[in-house]
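First up is the structure itself, then whatever we jot down about it.
The values are calculated or read from the model by the stated rules, or taken from the named source; none is laboratory data. Everything numeric here is computed off the predicted structure, so don't read it as measured data. Quick reminder, even Gly has a Cβ in these numbers, built from the backbone with ideal geometry, and neighbours come from all protein chains shown.
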Amino acid sequence: MTKRLYYTDSHLTAFEARVVESGVLDSRPFVTLDQSAFYPTTGGQPHDTGTLGGRSVVDVIDREADGAALHVLDAALDVGAQVSGIVDWPRRLDHMQQHTGQHVLSAAFVRLFAMPTVSFHLGTELSTIDLTGTPGPDAIARAEEQANRVVWENRPVSIRFVSADEASRLPLRKEPVRGGTLRLVEVEDFDLSACGGTHVTRTGTIGVIAVQAWERYKGGTRISFVCGGRVLAHFRAYRDVVASAVRQLSIQPAELPDAVVRLQGDARELRLQARALTEQLAVYEADRLAGDAEDVGGNRVVCRVVDGRDAAGLKALSQAIVARPGHVVALVSGSRPAVVVVARSADATTDAAQVVKTLIGRFGGKGGGRPEGAQGGGFDAEPETLRVAAYELLSAGGPPPSSSSASR
Ligand SMILES: [Zn+2]
């Protein structure tokens, strides 16, 4: 069992120890020590990093079987060696801020709304707590405010060890999951929990607790939050995003939501105008294509690769052509994966849906439609190959026409 120095001193970053075991785990060397200030990944909190005997500590794993902490290193150390350990302090402080902040925030939800925390995760960007209840935005804001009040009152955070029997008589926020001697963490007059993690010694060091988002999760609520230095990092990121957006739009930050709504409206208007103009243009292009149609099997057949139009544009063009009597049309987009639109005049008998279905069977893709008009997309074939195949289907085996494109 490794003596955990961080249990009694979370600010200890330099220590001496003796290597008691060395081995290899997943092809990486590891050692265990007689004592260590390195925190192993456990209880929702990630491990510390740093150096040990000049080697980099890349992972620290809690071996539950014997209570040893496995220090995974970038190079091996010998059993019996006396080594100096140095814990990376910025990472440790960040974890202490997030973890102690979690205690305070979880306690606020219990004290205000009797909503216990069932799960905690300290992530690289955000931390989360999962609550059993479903607080609304106002309730979340109240808990956030109470938690920050406790932070700014700079209350002491103390550690003590008690037996399970003693613990059973204490008002712990959460039922302890293990027996034996328990390590209690107390935020003065606010929270008492059994916990093995690293914590700040006064709440002021948490800095600030900010809820970033919340969502319904497994019948309860998942709250994402940041504390301390991460709040400053988030503030800077938001500031830069907002500054960039308001500079582009020449507006004040408070005007952003309205500006986005206005831009969306403008874009919708322009899309409608573009569609109307495309349909008007289709009438003229349809005239030209219909003029070049071939007489095959009693139909006027138009079968072309058309550049510069999407599926909606091809559909508008094909509809403009089949407004004439006796026409069958297949238009293929000029880019891959290709789109094919097939249509017929009301008095023609070709089954457009069947043509598309046959093309899908041959070239993949998906689509469908009705006998008068159908379309398919995602064809993994050269547009010209598709055009030739479509022509053969439209003309029931006739020769393909010239492959001149109707591109603009
Ligand atoms: Zn804790």
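In this entry, Phe225 is excluded by the filter for residues that are in a helix (DSSP H, G or I) and within 30 Å of Thr13 (Cβ to Cβ).
Let's see how each residue does on (1) closer than 16 Å to Gly197 by Cα; (2) in a helix (DSSP H, G or I):
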position: Asp94; (1), (2): yes, yes
position: Gln102; (1), (2): yes, yes
position: Phe109; (1), (2): no, yes
position: Met115; (1), (2): no, no
position: Ser119; (1), (2): yes, no
position: Thr124; (1), (2): no, no
position: Pro135; (1), (2): no, no
position: Ile140; (1), (2): no, yes
position: Ala147; (1), (2): no, yes
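Looking across the range 157-170 at every residue that is among the polar types (S, T, N, Q) and either in a loop (DSSP other than H, G, I, E, B) or within 15 Å of the ligand (Cβ to nearest atom) (or both), the one that is nearest to Gly228 (Cα to Cα) is identified as Ser158.
In the range 112-127, the residues that are surrounded by 15 or more Cβ atoms within 10 Å (Cβ to Cβ) reach residues that are among the basic types (Lys, Arg) and not in a strand (DSSP E or B) with C-beta atoms within less than 7 angstrom, at least six apart or across chains, in these pairs: Leu112/Arg142; Pro116/Lys174. When the range 186-211 is filtered for residues that are in a strand (DSSP E or B), touching a Lys or Arg at 6+ places or on another chain (Cβ under 9 Å) and of a type outside the set (Ser, Thr, Tyr), the ones remaining, listed by number, are Glu186, Val187, Asp191, Leu192, Ala194, Arg202, Ala210.
Among the numbered conditions (1) in a loop (DSSP other than H, G, I, E, B); (2) of a type in the set (Gly, Ala, Ser); (3) within 37 Å of the chain's Cα centre (by Cα); (4) at pLDDT 95 or above, the only one that Ala65 does not meet is (4).
Screening Leu131, Leu105 for residues that are assigned by TED's automatic domain parsing to the domain that holds Gly207, buried (at least 22 other Cβ atoms within 10 Å of the Cβ) and more than 16 Å from the ligand (Cβ to nearest atom) leaves exactly one candidate, Leu131. Test Asn154 against the stated conditions and say whether it is more than 13 Å from the ligand (Cβ to nearest atom), within 29 Å of Leu12 (Cα to Cα) and either assigned by TED's automatic domain parsing to the domain that holds Gln45 or more than 34 Å from the chain's Cα centre (by Cα) (or both). For Asn154, the condition - more than 13 Å from the ligand (Cβ to nearest atom), within 29 Å of Leu12 (Cα to Cα) and either assigned by TED's automatic domain parsing to the domain that holds Gln45 or more than 34 Å from the chain's Cα centre (by Cα) (or both) - is met. Among the residues of the range 171-212, those identified as in contact (Cβ under 8 Å) with a residue 40 or more places away in the chain, within 11 Å of the ligand (Cβ to nearest atom) and aliphatic (A, V, I, L, M) are Val185, Val187, Val200. Looking at this structure, is Gly180 assigned to a loop (DSSP other than H, G, I, E, B), surrounded by 20 or more Cβ atoms within 10 Å (Cβ to Cβ) and either modelled with pLDDT under 95 or among the β-branched types (Val, Ile, Thr) (or both)? Criteria not met by Gly180. Glu215 meets all of the listed conditions (1) free of Cβ contacts under 8 Å to residues at least 40 places away in the same chain; (2) buried (at least 16 other Cβ atoms within 10 Å of the Cβ); (3) assigned to a strand (DSSP E or B) but one, namely (2). Of the residues examined, Cys227 is not one that is in contact with a Lys or Arg (Cβ under 8 Å, 6 or more places away or on another chain), of a type outside the set (A, V, I, L, M) and under 30 Å from Tyr7 (Cβ atoms). Candidates in the range 218-249 are the residues that are in contact (Cβ under 8 Å) with a residue 40 or more places away in the chain and among the basic types (Lys, Arg); of these, the one that is nearest to Phe109 (Cα to Cα) is Arg222. Does Tyr6 satisfy being of a type outside the set (Val, Ile, Thr), within 16 Å of the ligand (Cβ to nearest atom), in contact (Cβ under 8 Å) with a residue 60 or more places away in the chain and part of a loop (DSSP other than H, G, I, E, B)? For Tyr6, the condition - of a type outside the set (Val, Ile, Thr), within 16 Å of the ligand (Cβ to nearest atom), in contact (Cβ under 8 Å) with a residue 60 or more places away in the chain and part of a loop (DSSP other than H, G, I, E, B) - is not met. The requirement of being surrounded by fewer than 20 Cβ atoms within 10 Å (Cβ to Cβ) and more than 15 Å from the ligand (Cβ to nearest atom) is fulfilled nowhere in the range 37-48; no residue meets it. Kindly evaluate Val356 against the criterion of being surrounded by 15 or more Cβ atoms within 10 Å (Cβ to Cβ), aliphatic (A, V, I, L, M), in contact (Cβ under 8 Å) with a residue 24 or more places away in the chain and in the same structural domain as Asp292 (by TED's automatic domain parsing). Against the criterion (surrounded by 15 or more Cβ atoms within 10 Å (Cβ to Cβ), aliphatic (A, V, I, L, M), in contact (Cβ under 8 Å) with a residue 24 or more places away in the chain and in the same structural domain as Asp292 (by TED's automatic domain parsing)), Val356 does not qualify. Taken over the range 10-36, the residue count meeting the criterion of being within 15 Å of Leu93 (Cα to Cα) and either within 16 Å of the ligand (Cβ to nearest atom) or not in a loop (DSSP other than H, G, I, E, B) (or both) is 3.
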